[in-house]
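Inspection log for the structure reproduced underneath, given as structure tokens.
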Amino acid sequence: MMLRRSATTAAVVLALALPTWAGHESPFDPSYYPHEIRIETLTPAAAAGPLGRAAIHAMIGGNPYAGRPTPPDVAPVESFGAYVVLTVNPARLKDRDTRCAAVRRATGLLAVKPGFVFAPYPVTPYHPDYLAHADLAAAARQAAVPSTGGSSTGNLVVTARDPTAAALLGTAAARAGTAGWDVRVETVSLRDLLAAHATRFAGWIGPPWLKDGWYDAYLLMAGSVGDRAARSEIDRAYGRLTSGEPRGETEPVNLQRRLVSLLRQGCERAVAGYTTRREYYSTAYSPGVENVGFDSYDGFDSAIFVRTAKLKDFPWNGVLRLGIAAPAGAPAAAPWNPVAGFGDPFGRLVWAAVGDPAMLPSPYGGGWIANRIGSWETWSVKFQRAFGGVTVPDASRHEVDVPEDAVLPRPGSGALDRVGAGRRAADVVEYRVLASAFHDGTVMSPADVLYPFAFAYRWGTPPPRSGAAGAGRASRTYDPVVDRVTVLVRRYLAGIKIVRIQKVVRDLGADLKIRYDVPIVRVYLGYAGADAYTPLVAMPWSTVPWHVLALIDEAARRGIGTLSPEAAQALGTPALDLVRSPAQEARLAALVGEFASSGYVPEALRGIVTPAEARARWRALAAFYREHHHLLVTNGPYRLDHWSQGTAVLGVFRDLSYPLGVGSFDKQVYPRRASVGTVAVRGGRIEFRPVVERLFKYDRYYKMVTEPLGSNTSGAYDDIAAVCRYVVIGRDGQVVKTGVVPAPANGAFSFDPGDGLPRGGYTIWLTVSVNDNLMNPDIKTVAYRR
């Protein structure tokens, strides 16, 4: 049954027009610091001079100062670069013992050099779940020690696949002759590894475990496992982890450890370590930038960077000039469409500013941070709160009824049907949508919340075929990339309901008020896993209005362009580009005109959106196209204003309906570190006072000061939140307990990690993080007896 039109389809974000007050400056500035962002392609060598004199403010990718001194007014940030991987040739080394011996020998050939970190375990200190693997990583390090300069290979043929690998092997590298090679050393970029699985779908970023090391290990190594029984066991473990099946505190952790151990045991592929990426920005006193945030995985090529960077000469506004490592003037390779495009560094940075996902990956830690959802809560958490905050072991097993008037997209068409009676869900996510106007002036409505779900079912469901031979092939009704990136939504979605529209008033003083209409959405799921993952399974969220998604849908169906480059290659049709394809541009503009005349409403929204409302949307899009000459409309903080080959200019979207303002993510800059110090065990309690970094800022400079937690003798002004995380390992190597302890008021930790454990001996691995910075943690081990 189709969803009937109701009062909830009223437009949101109304009453936003404010008077102009002479001599008054608004206390709220929507969007972020620069009023313009200019991006251009440059080779790293060509960027060195402009960056040194602040003609550009940051260089994304590449090292302009490789082999030369860094200028005094330039500073780096460091993030994860690439895995250094050893792949064994199974045709020459057939049995496990021979492969493992070859891996150990080849690892010993690698020279320790700047930028390479020897770490022969796939979960690294840059992964937020490293603490749970720290004992296994330490054991792997002890079992494999690199050389200091590359020894003889003997009769083992070790080849290098790329220049970085060749530099690490040095003279030990050999060319593969006609007889082939035994071990191949290569670097695998983490960004490239995740690219096929972290496609931005209309503003949704997934999957929820995107930053977890066990997930990276699976993507990196599972494809090399040749033993069918081993691969089957690996896939079962991975399936359980991604299904939310493991329950409790330690079961998921032990399963993640088991998965990584299974991936390593056959020695078909092994991790020798990783490289780090250094990216540079100008710190010049007047023309440079400050307040620079970055991501532990993506560095500057991330949403957090464009939401924090501030020009020193301006409290807000100013032009932020960025370079992207590529041949000068080289065009961005990936198509500019918001469904499955923006896949190269240039496109990712453009989309980071133009798009606006519901949540962002925590830049230096695990989990996710809210962006365009004001708050969220899962039903399982509510259930536990009903019991006074006491953890209820089987809370996730209590199902909840899905309301009959909730809707669920129909596979293949995306039509939104009523769920009806008798449907149950394992969990519910309720969230507030921070709605705002789109770049074309249209106003966000509940239809914009619902339509991305319909789109996912419309294009992510393979058409029925007579056999398995055609499964997964792109067509004009199916895209395999959309299938992959929305599979969790389609697997676990049990219903969606917009509960109500909440009226919110922001009082800015001086009789200035902004009124928002905030949709409250409940998403019912058949997933009852970790609470940290559940909100991400409940998406997709879209920063793209329904009418632009409907245009993309119909353009792909009519053969104007495919949604993804993968489908383009399969079908021999260019991928859809909303900005840079003149041939597609004319046909898209004609389609907008056709829809404006007819008041076209996609099937999924019939009964929700009237033809008159649709006609207004299409006319607004046509007007936007006439003014801006492209169709890339979102409700993000920046709008694409100009572009040419190798450049893009983004203008700030300071619409008062935009709910976030300058400074919203300032707490995400300058990641602080902590060191554990001396740990004592007294009466079964762990006791220590860590030393932490704090921010001391003066004029246009800042520095980190180090002092014991709980004191403030330095004059640092920042607020910090320190927590101790620990893992308790039993003698059998299993994790028997994990815990998180917030810092007490006096800064000295004192807690009993053995509470509830049987008597016996354990090893405790612990660390302290400040403001959720989990990169390269200082970890201590403590022998503990209960």
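Look through the stretch 250-274, keep the residues that are out of contact with any helix residue (DSSP H, G or I) (no Cβ under 6 Å at 6 or more places or on another chain) and assigned to a strand (DSSP E or B), and return whichever of them is nearest to Gly529 (Cα to Cα).
Across the stretch 250-274, the extreme among qualifying residues is Val271.
Select, from Ala172, Ala165, the only residue that is surrounded by 18 or more Cβ atoms within 10 Å (Cβ to Cβ), over 30 Å from Phe453 (Cβ atoms) and at pLDDT below 80.
Ala172
Please find, among Arg277, Arg321, the residue that is of a type outside the set (Phe, Trp, Tyr), within 30 Å of Phe438 (Cα to Cα) and part of a strand (DSSP E or B).
Arg321
What strands (runs of 3 or more DSSP E) lie completely within the stretch 5-124 and have 3 or more residues being at pLDDT 90 or above and within 25 Å of the chain's Cα centre (by Cα)?
Answer list for the stretch 5-124: 36-42, 58-60, 74-88.
Which residues, counting only those in the stretch 183-230, are part of a helix (DSSP H, G or I) and open to solvent by 10 Å² or more (accessible area, probe 1.4 Å)?
Across the stretch 183-230, the qualifying residues are Arg191, Asp192, Leu193, Leu194, Ala195, Tyr218, Leu219, Gly223, Ser224, Arg228, Ala229, Ala230.
If you go through the stretch 366-420, how many residues are in contact with a Ser or Thr (Cβ under 9 Å, 6 or more places away or on another chain), of a type in the set (Gly, Ala, Ser) and at pLDDT below 55?
2
Among all residue pairs at least 6 apart or on different chains, which show Cβ distances below 7 Å where the first residue, located in the stretch 237-255, is at negative phi and the second is part of a loop (DSSP other than H, G, I, E, B)?
Qualifying pairs under 7 Å: Arg240/Pro246; Pro252/Pro246; Pro252/Ala530; Asn254/Gln734; Leu255/Pro246.
Could you grab me the full set of residues in the stretch 579-603 that are open to solvent by 10 Å² or more (accessible area, probe 1.4 Å), closer than 27 Å to Pro411 by Cβ and not in a helix (DSSP H, G or I)?
Answer for the stretch 579-603, where residues must be open to solvent by 10 Å² or more (accessible area, probe 1.4 Å), closer than 27 Å to Pro411 by Cβ and not in a helix (DSSP H, G or I): Tyr600, Val601.
Find the strands (runs of 3 or more DSSP E) located wholly in the stretch 396-501 whose residues include 2 or more that are surrounded by fewer than 22 Cβ atoms within 10 Å (Cβ to Cβ), and list them.
416-418, 427-433
Give the stretch 740-779 a look and list any residue that's assigned to a loop (DSSP other than H, G, I, E, B) and of a type in the set (Gly, Ala, Ser), or say none.
Ala743, Ala745, Gly747, Ala748, Gly754, Gly756, Gly760
Give me the pairs: first residue in the stretch 744-757 and free of Cβ contacts under 8 Å to residues at least 40 places away in the same chain, second residue exposed (fewer than 15 other Cβ atoms within 10 Å of the Cβ), beta-carbon distance under 9 Å, and six or more apart or on different chains, which are they?
Pairs found: Asp755/Gly684.
Does at least one position in the stretch 686-697 carry a residue that is part of a loop (DSSP other than H, G, I, E, B) and open to solvent by 30 Å² or more (accessible area, probe 1.4 Å)?
Scanning the stretch 686-697 turns up at least one residue that is part of a loop (DSSP other than H, G, I, E, B) and open to solvent by 30 Å² or more (accessible area, probe 1.4 Å).
Would you check if there is a residue in the stretch 604-615 being in contact with a strand residue (DSSP E or B) (Cβ under 7 Å, 6 or more places away or on another chain), open to solvent by 20 Å² or more (accessible area, probe 1.4 Å) and within 22 Å of Tyr451 (Cβ to Cβ)?
Looking for residues that are in contact with a strand residue (DSSP E or B) (Cβ under 7 Å, 6 or more places away or on another chain), open to solvent by 20 Å² or more (accessible area, probe 1.4 Å) and within 22 Å of Tyr451 (Cβ to Cβ), one finds at least one in the stretch 604-615, hence yes.
Would you check if Ala620 is surrounded by fewer than 20 Cβ atoms within 10 Å (Cβ to Cβ) and either assigned to a helix (DSSP H, G or I) or within 30 Å of the chain's Cα centre (by Cα) (or both)?
So Ala620 does not fit the description; no.
Just name the residue that is modelled with the highest pLDDT out of those in the stretch 231-274 that are open to solvent by less than 20 Å² (accessible area, probe 1.4 Å) and hydroxyl-bearing (Ser, Thr, Tyr).
Applying the filter and picking the extreme gives Tyr274.
Among the residues of the stretch 286-318, which ones are among the small types (Gly, Ala, Ser) and either open to solvent by 10 Å² or more (accessible area, probe 1.4 Å) or part of a loop (DSSP other than H, G, I, E, B) (or both)?
Of everything in the stretch 286-318, those that are among the small types (Gly, Ala, Ser) and either open to solvent by 10 Å² or more (accessible area, probe 1.4 Å) or part of a loop (DSSP other than H, G, I, E, B) (or both) turn out to be Ser286, Gly288, Gly293, Ser296, Ser302, Ala303, Ala309, Gly318.
Take the residues in the stretch 522-540 that are out of contact with any helix residue (DSSP H, G or I) (no Cβ under 6 Å at 6 or more places or on another chain) and modelled with pLDDT of 85 or more; name whichever of them is most open to solvent (accessible area, probe 1.4 Å).
In this case the residue turns out to be Arg522.
Can you tell me how many residues in the stretch 728-739 are in a loop (DSSP other than H, G, I, E, B) and surrounded by 13 or more Cβ atoms within 10 Å (Cβ to Cβ)?
Selection size over the stretch 728-739: 3.
The values are calculated or read from the model by the stated rules, or taken from the named source; none is laboratory data. What you are looking at is a predicted structure, and each value in this text was computed from that prediction instead of being measured. In this analysis, Cβ positions are derived from the backbone assuming ideal geometry, glycine residues included, and neighbour counts consider all displayed protein chains. Note: areas computed on protein heavy atoms with side chains; ligands, DNA, RNA excluded. Shrake-Rupley method; radii C 1.70, N 1.55, O 1.52, S 1.80 Å.
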